[in-house]
Ligand SMILES: *Cc1c(COP(=O)(O)O)cnc(C)c1O
């Protein structure tokens, strides 16, 4: 395994300039984040609220913290003051809670809607139909303290590249369709978050603008 520094520079050389790299640091110690930070990395992703707030307290204040995991409504308040982007917004109820906490903190919280694209039943997310209905409804535009800046999706965990690429491709198509239509005032689509260590090359080929990569940078997790 290369060092964190080597892995970061390999990845950065590979990613097109319009693609943002989120270094997924979940389960990894502060020192690993500090190492990546020292090499210029500023966007980090975590999937547990407790771990995210602990790390945010200890580490440099100019880090952009991305909440990439499933988020429970009762925990939104803990990250609302500082979170940079919430990737996994998967219900309208959660969006309303983020809006409420955004208001309390006098900020507009940027969010991605998670779309269910994988075959697996257990994955969270809106269906395409649900998202299209949400975009047409009056309820979205009134949430003044959230801004929806894109979509996020996870492909089936499979070696079959055709399955993975068709899932990413369907998400890109949905993104283009939504971006080309009438969007509520608090929607400004510019991010398509798809791709992890095992499938980011396929995601890039299908139009990803943000990849979330953990083990390829920091090594495998226990
Ligand atoms: C853990 C995680 C990643 C990164 O996974 P790797 O395979 O380590 O790159 C990306 N996205 C989400 C939502 C995750 O939970």
- Only one of 22, 53 is touching a residue at least 40 places away in the same chain (Cβ under 8 Å) and either surrounded by 13 or more Cβ atoms within 10 Å (Cβ to Cβ) or touching a strand residue (DSSP E or B) at 6+ places or on another chain (Cβ under 6 Å) (or both), namely 22
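This table checks each residue for (1) over 21 Å from residue 113 (Cβ atoms); (2) more than 8 Å from the ligand (Cβ to nearest atom).
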position	(1), (2)
184	no, yes
205	yes, yes
209	no, yes
212	no, no
- Message: Within region 49-57, does at least one residue satisfy the condition of being within 16 Å of the ligand (Cβ to nearest atom), within 15 Å of the chain's Cα centre (by Cα) and within 17 Å of residue 113 (Cα to Cα)?
- Response: no
- Message: I'd like the residue in region 193-222 that is surrounded by fewer than 19 Cβ atoms within 10 Å (Cβ to Cβ) and in contact with a helix residue (DSSP H, G or I) (Cβ under 6 Å, 6 or more places away or on another chain) and, out of all such residues, is farthest from residue 151 (Cα to Cα).
- Response: 197
- Query: Is region 141-151 home to any residue that is in contact with a helix residue (DSSP H, G or I) (Cβ under 9 Å, 6 or more places away or on another chain), modelled with pLDDT of 95 or more and under 24 Å from residue 201 (Cα atoms)?
  - Reply: yes
- Show the residue pairs that are 6+ apart or on different chains and have beta-carbon atoms under 6 Å apart, the first residue being within region 211-222 and more than 15 Å from residue 46 (Cα to Cα), the second being more than 8 Å from the ligand (Cβ to nearest atom) and at pLDDT below 95. 219/1
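Listed here are the residues, each with its yes/no results for (1) within 11 Å of the ligand (Cβ to nearest atom); (2) over 19 Å from residue 95 (Cβ atoms); (3) touching a strand residue (DSSP E or B) at 6+ places or on another chain (Cβ under 6 Å).
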position	(1), (2), (3)
136	no, no, no
142	no, no, no
167	no, yes, no
216	yes, yes, no
- Would you confirm whether any residue within region 168-176 is touching a helix residue (DSSP H, G or I) at 6+ places or on another chain (Cβ under 7 Å), surrounded by 19 or more Cβ atoms within 10 Å (Cβ to Cβ) and closer than 20 Å to residue 22 by Cβ? yes
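The values are calculated or read from the model by the stated rules, or taken from the named source; none is laboratory data. What you see is a predicted model, and the numbers here were worked out from it, not measured in a lab. Backbone-built Cβ (ideal geometry, glycine too); neighbour counts: all protein chains shown.
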